[in-house]
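To keep things clear, I will list the structure first and then write my remarks on it.
The values are calculated or read from the model by the stated rules, or taken from the named source; none is laboratory data. These numbers were taken from a predicted model, which means no experiment stands behind them. Every residue, glycine as well, gets a Cβ built from its backbone with ideal geometry; the counts of neighbours run over all protein chains shown. Heads up: the accessible areas ignore ligands, DNA and RNA and are worked out on the full protein's heavy atoms, side chains in. Shrake-Rupley method; radii C 1.70, N 1.55, O 1.52, S 1.80 Å.
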Amino acid sequence: MKVFVVVLAALALAAPIFGRTMNRCSLAREMYAMGVPKSELARWTCIAEHESSYRTNVVGPTNSNGSNDYGIFQINDRYWCKPRNGKSSHNNCGLSCDSLLTDNIKNSVNCARLVMRSQGWDAWSVWPKCSGKLPSIDDCF
């Protein structure tokens, strides 16, 4: 029994390593179920496609200012989440960056929506790819 508990604990700690790869429709459906308006879903799926290839466990390379970006929407640790390495952060979303790397995208969605409300869509460097006419997400529902 002890071995089972140890293995289970090790897997729980490693959860961010595994992550999940979503697709356009699975992301749109989950976000819609969380209350994101359908009118925004094509933009969000475009951002996730270009930022992380729909992967929940991505930590981006170090940016020129020393920060990193986390999760399916590549949320920056300088302003929005608390990195585990103790780097200074404003942590405006009030959560750890590791919580943006899990299979459950609720924290990522809520934090990304806060970023968008605070800074607009162009907070994401990929916004020029997602700002024009996008394919409808209607086929996902």
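On full extension of the chain, what length is gained from residue 106 through residue 87, given 0.36 nm per residue of separation minus the C-alpha to C-alpha distance?
Details: separation 19, 0.36 × 19 = 6.84 nm, distance 2.39 nm.
Stretched out fully, the residue 106 to residue 87 stretch lengthens by 4.4 nm.
Mind checking the angle between helix 106-119 and the chain's longest principal axis? C-alpha axes, 0 to 90 degrees, to the nearest 10.
Rounded to the nearest ten degrees, it is 50.
Convert each backbone phi in segment 125-135 into a coupling constant with the Karplus relation 6.51 cos²θ - 1.76 cosθ + 1.60 (shift: θ = phi - 60°), then list the ³J(HN,Hα) values in order as whole Hz, x for Gly and Pro.
So the Karplus estimates, Gly and Pro as x, are 5, 7, 3, x, 6, 10, 8, x, 5, 10, x Hz.
How far is helix 38-52 tilted, in degrees, relative to the longest principal axis of the Cα atoms in the chain, given as a value from 0 to 90 rounded to the nearest 10?
Once rounded, the angle reads 50 degrees.
For the chain, what is the calculated [θ] at 222 nm in deg cm²/dmol (nearest 500), taking -39500 (n - 2.57) for each run of four or more DSSP H residues and dividing by its residue count?
It comes out at -13000 deg cm²/dmol, rounded to the nearest 500.
Could you size up the charge dipole of segment 21-141 around its Cα centre, putting +1 on the beta carbon of Lys and Arg and -1 on that of Asp and Glu, and report it in debye to the nearest 20?
Working: 14 positive and 11 negative charges, 42 e Å.
About 200 debye.
Based on the mean of other Cβ atoms within 10 Å per residue, sort peptides 41-48, 106-113 so the most packed one is first.
The packing order, highest mean first, is 41-48, 106-113.
For the chain, with every protein chain kept in place, what is the accessible area per residue (1.4 Å probe, Å²)? Walk me through the intermediate numbers first.
Working: 7880 Å² over 141 residues.
For the chain, the per-residue accessible area is 56 Å².
Eight or more residues apart or on different chains, and alpha-carbon atoms under 22 Å: count the Lys pairs in the chain matching that.
Lysine pairs meeting both conditions in the chain amount to 4.
Under a 5 Å amide H to amide H cut-off, with H placed in plane at 1.01 Å, what residues pair with residue 82 once short-range neighbours are removed?
95, 96, 97
Rounded to a whole number, what % of the accessible area of the chain do carbon and sulfur atoms account for, probe 1.4 Å?
The computed percentage sits at 54.
Quickly work out the residue 127-to-residue 29 label distance, labels modelled 7 Å from Cα along the C-beta direction, and quote it in nm with one decimal.
3.1 nm
Going by average Cβ density within 10 Å per residue, which order do the peptides 64-75, 24-35 take, highest to lowest?
64-75, 24-35
May I ask you to order 82-88, 50-56, 95-101 by the average number of other C-beta atoms within 10 Å around their residues, highest value first?
Descending packing order for the listed peptides: 95-101, 50-56, 82-88.
Between 0 and 90 degrees, rounded to the nearest ten: what's the tilt of helix 24-33 against the longest Cα principal axis of the chain?
80 degrees
Give me the percent relative contact order of segment 13-141, please, defined on Cα pairs under 8 angstrom at least 6 residues apart. Walk me through the numbers before you get to the answer.
On the way: 197 pairs, mean separation 32.8, N = 129.
Worked out over segment 13-141, it gives 25 percent.
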